[in-house]
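J.: First, the structure itself, so that you have it in front of you.
Values quoted throughout were computed directly from the atomic coordinates according to the rules given, and no laboratory measurement underlies them. It should be emphasised that the depicted structure is a prediction, and the values quoted were computed from it without experimental measurement. Note: ideal-geometry Cβ built from the backbone for every residue, glycine included; neighbour counts use all protein chains shown.
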Amino acid sequence: MRSSGKGRLYIVGTGPGAMEYMTGRAAEAIRASEYIIGNAFYLRLIEQLVEGKEVIYSSMGKEVERARMCIDLAKDHTVSMVSGGDPGVYGMASIVLEVLEHDGSDIEFEVIPGVTAATAAASIAGSPLSGDYITISLSNLLTPLEEIRRRLDLALAMKIPIVIYNPKSRGRPDNLSMAMKMALEHRSPDSPVAVVRNAYREGQSVTYTDIGSLVKDDQIVDMHSIVILGGEDAHMFEINGEVKGIITPRGYDRKYVY
């Protein structure tokens, strides 16, 4: 990753949004950069950090253009490509590195991890991902729907928790309904589900429900939501009659008394 030029490229994960959940290294890279490039939505969440910088706002669907731009600038400047969550998990790292590979430029780069939506949402919903789990996106913008169905069917058959990214949007309003109907082929209708919306951002909320209820009505879910399906060992836990979250036991009860 050494460079013969002057520039440097940071591919930065800013986490779920709130500044206090960004890593110190991510903030350091942004402060050290001359140019900041990213989706306007994520850049607005870190406005305090980018004051005084050359900020280039982009929109959804412009990822390839954004990648080319950051590489061109990084040949002579220090640049941060901002990606929400973790850049290597449904983020900008892959397309930036693909374009860099094709470009062939010897630019020094660093991929800086961030708290991804799965773990952010899980922390709000208790401890639903304590052991093995799977993440899957229902967006068929880049992945064919039939391939999503194939992967989802295999994931559901494993009986472990599943974190669903991009569950529903105006452009694909029926993908979550499809997924929940498939879930009923492998899991009980009362299997616990957490819907976490705007994790660690303004408007945060969490709703506890089950697969059967989501099949009937999924209006609580939108593109700002993460849907967590509990695995076969998961259960809602309550304190004084109030649901506090979902737990996926790791098996301590089989070895210890507590």
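J.: Taking a threshold of 30 Å on the Cα-Cα distance, which of the pairs Lys159/Lys216; Lys6/Lys53; Lys6/Lys62; Lys53/Lys168; Lys159/Lys244; Lys216/Lys244 fall above it? Intermediate values should be presented prior to the final figure.
T.: Numbers: Lys159/Lys216 22 Å; Lys6/Lys53 18 Å; Lys6/Lys62 26 Å; Lys53/Lys168 34 Å; Lys159/Lys244 23 Å; Lys216/Lys244 24 Å.
Cα-Cα > 30 Å for Lys53/Lys168; rest within.
J.: Under the 0.36 nm per residue contour assumption, what length would be gained going from the current alpha-carbon distance of Glu98 and Lys6 to full extension? Before the final figure, lay out the partial values.
T.: Working: separation 92, 0.36 × 92 = 33.12 nm, distance 2.11 nm.
Full extension from Glu98 to Lys6 adds 31.0 nm.
J.: Longest span of the chain, sites excluded, free of GluC sites (Glu not before Pro) in DSSP loop with at most 10 other C-beta atoms within 10 Å?
T.: The reported range is 52-184.
J.: Something else: Hey, quick one: spin label on Glu20, modelled 7 Å out along Cα-Cβ, who in the stretch 196-240 has an amide N within reach, i.e. under 17 Å?
T.: Counting backbone N atoms under 17 Å from the label point, the list is 199-205.
J.: Calculate the FRET efficiency for Gln48 and Asp253 from the Cβ-Cβ distance with a Förster distance of 51 Å, rounded to the nearest 0.05.
T.: On the way: r = 45 Å, r/R0 = 0.89.
With R0 = 51 Å, the Cβ-Cβ based efficiency is 0.65.
J.: Which net charge results when you count Lys and Arg as +1 and Asp and Glu as -1 among the other residues whose beta-carbon is under 14 Å from that of Gly212?
T.: The answer is -2.
J.: Report, ordered by chain and residue number, the aspartates and glutamates lying within cross-link reach of Lys181, taken as a straight Cα distance under 18 Å and ignoring same-chain residues fewer than 8 apart.
T.: Glu146, Glu147, Asp153, Asp190, Asp210, Asp217, Asp218, Asp222, Glu232
J.: Let me ask something else about it. Output wanted: per-residue J couplings in Hz (rounded whole) for the stretch 41-48, from phi through Karplus 6.51 cos²θ - 1.76 cosθ + 1.60, θ = phi - 60°, x for Gly and Pro.
T.: Using θ = phi - 60°, the values come out as 4, 6, 5, 5, 6, 10, 3, 4 Hz.
J.: The chain: Rg/Rh from Cα coordinates, Kirkwood Rh?
T.: Working: Rg = 20.1 Å, Rh = 19.6 Å.
Computed over Cα atoms, the ratio is 1.02.
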